[in-house]
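The values are calculated or read from the model by the stated rules, or taken from the named source; none is laboratory data. What you see is a predicted model; the values in this text were computed from it and never measured. Counting neighbours? That spans all protein chains shown, and the Cβs are built from the backbone with ideal geometry, glycine included. When the accessible area is computed, the model is the full protein with side chains, heavy atoms only, and any ligands, DNA or RNA have been set aside. Shrake-Rupley method; radii C 1.70, N 1.55, O 1.52, S 1.80 Å.
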Amino acid sequence: MPADHPRQSEFSFRVNTRLPGASSANDGGGPALGRTGTITTPHGQIQTPAFIAVGTKATVKAVLPESVRELGAQAVLANAYHLYLQPGPEILDEAGGLGKFMNWQGPTFTDSGGFQVMSLGSGFKKVIEMSVVAGSEHIGRDDAVAPGKERLAHIDEDGVWFTSHLNGDRHRFSPEISMNVQHQIGADIMFAFDELTTLQNSRGYQEESLERTRRWAERCVVEHFRLTDERGGKPYQALFGVIQGAQYEDLRRKACRDLASMPFDGFGIGGALEKENLGTIVGWCSEELPENKPRHLLGISEPDDIFSAIEAGADTFDCVSPTRVARNSAFYTAEGRFNLSGAKYRRDWGPLQDGCDCYTCQNYSRAYIRHLYKSRELLSHTLISIHNERFVVRMVDDVRHSIEDGTFWEFKAETLGRYYARARSAV
């Protein structure tokens with residue numbers, strides 16, 4: 001395993017404020033691991049905790065990059081799997097990298113492609129939670145696929161063969177290929193190639209997979225440093241190792257210790273997580289990982305998950321949910337999530353949320369946006385997406401400020417109490 005690379009100094013993370021420890025407002029009663037910090041990349045800084053907007057195919061769906069910046073997003077995460085298939089990483093390289101390709105001046109992330117290769121390959125939903133249904137015939141099966149789906153990914157020691165979901169072509173991903181693809185895409189932060197397991201896999205397979213991911217991580221570092229030297233004229237790209245281990249504490253902690261011994265710039269916490277254990281699992285990882293390196297949690301955006309993740313030590317996180325639910329007319333408010341397709345909004349002249357400072361709420365009514373949605377006008381996707389992204393970005397910004405001014409516990413109780421009050425009253 002090589003030592004640190006000299007160019008790693010071009011990327012940095014600094015802890016600014018730590019969340020005070022155990023408190024009566026801390027439901028878990030244990031130590032709080034949350035903090036604020038500053039990530040410095042060649043294309044700017046990220047004040048953490050921060051929500052990273054997802055621009056899967058080099059675009060936040062239906063939203064202009066200028067609008068993404070105006071709504072307060074500090075960085076954008078693109079998908080290496082999808083960009084590899086279309087338009088191809090060589091196109092982004094010729095364009096000068098992801099940021100220039102999509103006209104985004106701020107920091108950028110790319111995932112390794114491992115999540116999509118495995119999740120699409122087994123037909124499971126593209127979400128972080130893959131809960132096991134009690135009594136399911138798939139529990140403990142290491143070849144499990146989603147009902148009615150065909151396995152499209154096959155793993156061996158060297159990498160993964162997978163079938164494109166676009167046209168059925170066969171492709172190969174390995175640690176070295178993933179690093180080459182991500183270097184060509186040119187994001188400021190990229191992730192090591194890992195194997196995604198599901199909660200249906202057996203304990204034995206989880207152990208085998210974790211060891212394979214460790215070996216792949218070592219190969220990613222070697223290839224990353226080689227490409228960094230080879231492409232010396234390009235901005236430095238930080239490499240994050242990805243922590244797997246499913247729901248097992250010993251495996252998660254082992255993965256953290258193994259990858260912390262490697263010269264990664266930061267870490268991603270990945271894999272299948274049961275929602276109710278999210279904070280606990282992130283906490284295990286935060287206790288093991290180096291304090292001076294950032295931690296990114298892959299795939300969350302619900303308010304309770306955000307607070308749990310930040311409290312447990314996550315610095316950044318991403319999710320497609322704000323724009324995905326927008327395309328089904330769902331919008332976030334401080335009182336919960338609602339759906340504009342309801343008839344009661346037909347003559348509702350108010351904004352999506354009173355007091356919201358986003359472009360949509362400053363200029364358009366619920367009645368108009370509902371009309372667009374019911375008429376199948378794509379502008380509804382844009383307007384609701386802008387609001388939803390702003391809602392999540394602002395909430396995380398407010399969480400950061402509450403840590404800085406010492407009001408986190410009160411802010412958490414007030415925000416979640418208000419957001420979920422309707423759901424609780426319906427029970």
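For the stretch 209-286, the convex hull drawn through the C-alpha positions has a volume of 88 cubic angstrom per residue. Rolled with a 1.4 Å probe across the full set of protein chains, the surface gives CYS319 an accessible area near 20 Å². Of all the C-alpha pairs in the stretch 326-403, what % are more than 19 Å from each other? Pairs farther apart than 19 Å: 30 percent. Over the stretch 286-411, what is the relative contact order in percent, taking alpha-carbon pairs closer than 8 angstrom and at least six residues apart? 21 percent. Exposure check, 1.4 Å probe, all protein chains in place: GLU10 carries approximately 80 Å² of accessible surface.
Hull volume per residue, based on the alpha-carbon atoms of the stretch 226-382 and their convex hull, is 169 Å³.
Could you tell me what percent of the accessible area of the stretch 244-371 is made up of carbon and sulfur, with a 1.4 Å probe and every protein chain present? Present the calculation step by step, with values, prior to reporting the outcome.
Numbers: 2060 of 4580 Å².
Answer for the stretch 244-371: carbon and sulfur cover 45 percent of the accessible area.
Take 80-86, 292-298, 345-351 and order them by the average number of nearby Cβ atoms within 10 Å per residue, most first; the result is 292-298, 80-86, 345-351.
The spread of Cα positions in the stretch 144-284, taken along each principal axis and listed from longest to shortest, comes to 45, 40, 24 Å. Between the Cα long axis of helix 379-405 and the first principal axis of the chain there is an angle of about 80°, rounded to the nearest 10.
Just need the relative contact order of the chain here, percent rounded to a whole number, with Cα pairs under 8 Å and 6+ apart.
Values: 839 pairs, mean separation 77.2, N = 427.
Once divided by the residue count of the chain, the mean separation gives 18 percent.
First obtain the Kirkwood hydrodynamic radius of the stretch 297-427 from its Cα pairs, then insert it into the Stokes-Einstein equation at 20 °C and 1.002 mPa s, and state the resulting D in µm² per second as a whole number. Show your work: numbers first, answer last.
On the way: Rh = 15.5 Å.
Stokes-Einstein gives a translational diffusion coefficient of 139 µm²/s.
For the chain, the longest principal axis of the alpha carbon atoms and the long axis of helix 175-185 meet at an angle near 50°. Remark: for residue pairs LYS293/LYS412; LYS275/LYS374; LYS57/LYS344, the C-alpha separation exceeds 27 Å in LYS275/LYS374; LYS57/LYS344. Between SER301, SER365, SER385, the GNM of the chain built on Cα springs shorter than 10 angstrom shows SER365 fluctuating the most.
Whole number please: convex hull volume per residue of the Cα set in the chain, in Å³? Don't jump to the answer; show the numbers that get you there.
Numbers: hull volume 63.4 nm³, N = 427.
Spread over its residues, the Cα hull of the chain gives 149 Å³ apiece.
Accessible area of LYS234 (1.4 Å probe, protein heavy atoms only, ligands and nucleic acids ignored): about 80 Å².
As a test of reading the structure, rank TYR332, TYR248, TYR368 by solvent-accessible area (1.4 Å probe, protein chains only), most first. Mind dumping the intermediate values first?
Numbers: TYR332 0, TYR248 55, TYR368 85 Å².
Sorted by accessible area, descending: TYR368, TYR248, TYR332.
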